[in-house]
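Throughout, read-outs are computed from the coordinates displayed, never taken from laboratory work. In this text, all values refer to a predicted model and were calculated from it rather than measured experimentally. A quick note on method: Cβ atoms are made from the backbone with ideal geometry, for glycine too, and the neighbour counts reach across all protein chains shown.
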Amino acid sequence: MKSIQPQNASLIDDLAGSISESLAPIVYGPGSAIFREQDLGGHAYIIERGQVKITQDAGTDQKVIAILGPGELLGEMSPIDNERRSATATAITETEIIPIGTGQLQEIVENSDPLIQLLLRVLIERLRNTRPENERTTGGIRLLDDEMKSRSLETVRGRALNQLKAEKELRDAFSRREFDLYFQPIVRLSDYRLAGFEGLIRWLSPERGVIGPNDFIGLAEETGLIVPIGLWVLEHACYMLKRFQAIRDRDFPDEEPLFMSANVSARQLRNLDSVDTIIATIRKTGVDPTAIKIEITEGLLIADPEIAITAINRLKALGVTIALDDFGTGYSSLSYLHRFPLDTLKIDRSFVMSMLKNRESMTVIRTITRLARDLKLSCVSEGIEDPRELTTLKDFGCDYGQGYLFARPLPEREVHEILSRDRLWAPNRPPATAEPQASE
Ligand code: C2E
Ligand code: CA
Ligand code: CA
């Protein structure tokens, strides 16, 4: 990855190693066994090409219970319940299969609704207890085979396969260091000076160009990849901030130090070990933690308030500040706000976008800015594109603003030009955006 810092390299290697349960396809020649009955568990597989015979020991000979082809799943039970294989899988023709990491499967199962987990285990147990001798209820694999003929399952399977492929791409992108961080300036509305940045991840795909986070963060969250990716974001953001601060400080020694906001997903704060890893990562970079702002969303606070409070308190003990992102879009029970030791509210872009046309949006914004003031929190508005939005937000007392009016998220090399500017905007002058289109 091109803008990565040398000091980040070891972290990347560690992380890439820890997540790279390889999904490289394996080829089996005709007649070779993929796994045997009574083997200890292991991977599940998806057939990319070829044919596989599933058999079970039936006294003197082997009873064939299913023939599987491309796109079909096999060996899925053992990695879920850790029992021995209940059947043998043999390649009929030359067959290419993709292993699905045990960790991945377990992660998915463990993160699913507990009722689903229970159902899965009960079902698997029942399937395992039915032997092929019993004509009416054959083994689970046969059952699956029958059902696979139905259209709906076909689509479910197709989706699962696509998801697996997308996940593999994402893992590969991470280990190939194809992620980069862009920086969007955050401006102090009282004087239009640069106050800080929000680090926003980009995937620089050699095939597809610059890919925005909306196209991959969801998958990263579902698969747990967000944890190592988020850690990389944080580390990179800290190192970059140190660099930006040094440059800014040279040109504008009297100004407050710049801050850096980084998005941290709920998944990264759900257990205290990963909170401690976040803390260790920030410490390691030597950045002043009080200049780091961690952006979280309402979802975390609502889903598990106790864990959220503990996680936030640990982070705050280090000195970092906490912003509530996308404020107003979620469950928005204002009553919970005071329970959390927050520092900043971020007004969601959707309200700013519609504020000039829509009275309700205007009211929401006025309410949020007032709330921030009453709770002694600072307030940042996202998505400012129009000078009239800016003026209104300023009148309402919003402290900071971010949006295309000032600048788009910029790659590191374009940040330097911003750092040397006195102000990022001036009334009655055309908006001073930095090479907007070129950057995204
Ligand atoms: P967000 O945290 O709400 O980030 C603000 C988004 O609004 C960014 O989109 C930014 O490019 C966009 N934006 C800023 N100003 C304007 C404007 O004036 N007009 C318009 N139309 N858009 C504007 P981006 O970079 O595509 O990020 C989308 C979302 O992806 C972020 O929303 C955040 O939720 C997530 N994300 C980005 N980076 C990370 C990351 O490192 N970790 C995690 N967990 N999530 C991230
Ligand atoms: Ca954000
Ligand atoms: Ca936001």
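On the beta carbon distance between Glu222 and Arg250, with R0 = 35 Å, the FRET formula returns roughly 0.20. Karplus-derived 3J(HN,Hα) values for the range 311-327, using 6.51 cos²θ - 1.76 cosθ + 1.60 with θ = phi - 60°, are 4, 4, 4, 4, 5, 5, 4, 6, x, 5, 9, 10, 10, 9, 7, 6, 5 Hz; glycine and proline are entered as x. For the pair the range 244-320 / the range 343-405, the C-alpha centres are spaced 23 Å from each other.
Over every Cα atom in the range 239-295, the radius of gyration and the widest Cα-Cα span, Dmax, amount to 13.3, 42 Å.
Distance between the pseudo-spin-label points of Leu375 and Thr93 (7 Å out from Cα toward the beta carbon): 6.2 nm. For Phe35, the amide hydrogen comes within under 5 Å of the amide hydrogens of Ala89, counting only partners 5 or more places away or on other chains and with H modelled in the peptide plane.
Our coupling estimate for the range 56-62, obtained by passing each phi through the Karplus curve with A = 6.51, B = -1.76, C = 1.60 and θ = phi - 60°, is 10, 5, 10, x, 7, 10, 9 Hz, Gly and Pro reported as x.
Too long at a 25 Å Cα-Cα cut-off: which of Lys346/Lys394; Lys357/Lys394; Lys168/Lys284; Lys168/Lys293; Lys242/Lys376; Lys165/Lys284? In this structure, Lys168/Lys284; Lys168/Lys293; Lys242/Lys376; Lys165/Lys284 lie more than 25 Å apart at Cα.
Sequence gap at least 6, Cα distance under 8 Å: using those rules, report the relative contact order of the range 177-439 to the nearest whole percent.
The value is 20 percent.
Counting pairs of Cα atoms in the range 157-204, how many percent are more than 12 Å apart?
Everything past 12 Å amounts to 72 percent.
Our coupling estimate for the range 162-173, obtained by passing each phi through the Karplus curve with A = 6.51, B = -1.76, C = 1.60 and θ = phi - 60°, is 4, 4, 5, 5, 4, 5, 5, 4, 5, 4, 4, 4 Hz, Gly and Pro reported as x. Using every pair of distinct Cα positions in the range 177-439, the Kirkwood expression returns a hydrodynamic radius of 18.8 angstrom. When peptides 28-39, 359-370 are ranked by their average number of other Cβ atoms within 10 Å per residue, the highest-first order is 359-370, 28-39.
Highest mean first, the peptides 47-56, 203-212 sorted by other C-beta atoms within 10 Å per residue fall in the order 47-56, 203-212. Based on every Cα atom in the range 270-373, Rg and the maximum pairwise Cα distance Dmax equal 15.3, 47 Å.
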